[in-house]
Structures are given as C-alpha cells and as structure tokens.
Amino acid sequence: MRIHDGLIGAVFLALALAVLWHIQDYPPAPGQPHGPALFPGLIAAGLAASSGLLVLTSFRAGAAPRAAPGEVRITAFIATVASLVFYALVVSRLGFLVTASLMLCALLAAYRVRAARIIPIAVLASLLVHTGFYKLLKVPLPWGVLQSVAW
C-alpha cells in the first residue's frame, strides 16, 4: 500500500504547526538575545515550508510520484550510515567545515543530485550550518585543518 505524498505532507505540516504553537510558551533566556525556542522554531518553520510545498506539488501532479528504485534507496541508506561514521572518526582532525562538505558531497551523489550542483550545495550548506551553530548558538565546532582561517 502506498500513502499519497499529500497526506504525508499534511501530517508533517500539522506536526510543524503544533511545534510552533508549543514553543510560544518557552521562557526567554536571561541575558541572551536568543531563547530556547529559536532552534526548534527554525526547524519547525523549515518543516512547515517543506511540508506545505510537498502538499501543493503532490496535489498539482494529481497522482503520487513513483518510488525510487530499490538500488538507489539501498545506496543512499549505506551512504548515510557511512557518512555518520566518517564524521565521528575524522571531524576532530579535519574540522567541521571540511568534514561536513565531504559528507554532503557523498550524500548528494548517493541521492543522484546533478554533478554540477553537488559541490556548491555542499559547501554552502556546510557554511550555513557552521555559522548557525558557531555564531548564533555559540556551539564550538572543531576547525581542524582550517584553524589558521578561523573567524
């Protein structure tokens, strides 16, 4: 049995809206510009946008899209697990930016993203995540081989 993508999107949209409603009660953090609701709110907003887009595109298409071939799913699963192991083993030596970029390149290739888009997406996503954690959330991420250019 295949569940329509629009229904899946609607369920995740409802989940995202519930999270956004729930985090309104989080108290502000004393002495800090960002409270504990920032990170869950950003994730819920991204989930809501993605889910809404899934609902719209699935109903515009009329029918549920075909599932990916089994070989692609197995390769993507193996790449996901291997990338997590790779991250755990080398992040302290290579640093977050290099490790995350390599990880994303491998994952995007496993999910069959166009080759010309892989490196720009991987580098940009790594920089955005690093900036969010390092600057906004004040989480110290390892610099590794890029220690000389740490900002």
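The values are calculated or read from the model by the stated rules, or taken from the named source; none is laboratory data. Because the structure is a prediction, the values reported are computed rather than measured. Reconstructed Cβ throughout: ideal geometry from the backbone, glycine too, with neighbour counts over all protein chains shown. With ligands, DNA and RNA removed, areas are computed over all heavy atoms of the protein, side chains included. Shrake-Rupley method; radii C 1.70, N 1.55, O 1.52, S 1.80 Å.
Restricting region 52-86 to residues that are in contact with a helix residue (DSSP H, G or I) (Cβ under 6 Å, 6 or more places away or on another chain) and open to solvent by 50 Å² or more (accessible area, probe 1.4 Å), which is modelled with the highest pLDDT?
This residue is Leu54.
Modelled with pLDDT of 95 or more, among the hydrophobic types (A, V, I, L, M, F, W, C) and surrounded by fewer than 16 Cβ atoms within 10 Å (Cβ to Cβ): does that describe Ala49? Talk me through it step by step, then tell me what you get.
Values: modelled with pLDDT of 95 or more: yes; among the hydrophobic types (A, V, I, L, M, F, W, C): yes; surrounded by fewer than 16 Cβ atoms within 10 Å (Cβ to Cβ): yes.
Yes; evaluated as a whole, the condition is true for this residue.
Is it the case that Arg112 is open to solvent by 50 Å² or more (accessible area, probe 1.4 Å) and assigned to a loop (DSSP other than H, G, I, E, B)? Outline the logic, then answer.
Numbers: open to solvent by 50 Å² or more (accessible area, probe 1.4 Å): yes; assigned to a loop (DSSP other than H, G, I, E, B): yes.
Yes: the conditions hold for Arg112.
Condition test on Leu89, is it at pLDDT 95 or above, over 30 Å from Gly6 (Cβ atoms) and surrounded by fewer than 16 Cβ atoms within 10 Å (Cβ to Cβ)? Show your work before the answer.
Working: at pLDDT 95 or above: yes; over 30 Å from Gly6 (Cβ atoms): yes; surrounded by fewer than 16 Cβ atoms within 10 Å (Cβ to Cβ): yes.
Here the answer is yes, as Leu89 does meet what is asked.
Identify all residues within region 122-134 that are without any contact (Cβ under 8 Å) to a residue 24 or more places away in the chain, open to solvent by less than 90 Å² (accessible area, probe 1.4 Å) and under 12 Å from the mean Cα position of the chain (by Cα); write none if there are none.
Ala122
If you take the residues in region 135-148 that are under 19 Å from Val90 (Cβ atoms), without any contact (Cβ under 8 Å) to a residue 12 or more places away in the chain and not β-branched (Val, Ile, Thr), which one is surrounded by the fewest Cβ atoms within 10 Å (Cβ to Cβ)?
Quick first cut of region 135-148, residues under 19 Å from Val90 (Cβ atoms) only: 139-148.
Those still in the list that are without any contact (Cβ under 8 Å) to a residue 12 or more places away in the chain too: 139-140, 148.
Adding the requirement that they be not β-branched (Val, Ile, Thr) leaves 140, 148.
Details: Pro140: 8, Ser148: 6.
Here the residue is Ser148.
Among the residues of region 5-33, what is the count of those that are part of a loop (DSSP other than H, G, I, E, B) and surrounded by 13 or more Cβ atoms within 10 Å (Cβ to Cβ)? Explain how you work it out, then say what you get.
Pass one, region 5-33, residues part of a loop (DSSP other than H, G, I, E, B): 26-33.
In the following step, the residues that additionally are surrounded by 13 or more Cβ atoms within 10 Å (Cβ to Cβ) were identified as 26.
Looking only at that region, the number is 1.
Confirm whether Val98 is of a type in the set (A, V, I, L, M), open to solvent by 30 Å² or more (accessible area, probe 1.4 Å) and part of a helix (DSSP H, G or I). Steps first, please.
Numbers: of a type in the set (A, V, I, L, M): yes; open to solvent by 30 Å² or more (accessible area, probe 1.4 Å): yes; part of a helix (DSSP H, G or I): yes.
Here the answer is yes, as Val98 does meet what is asked.
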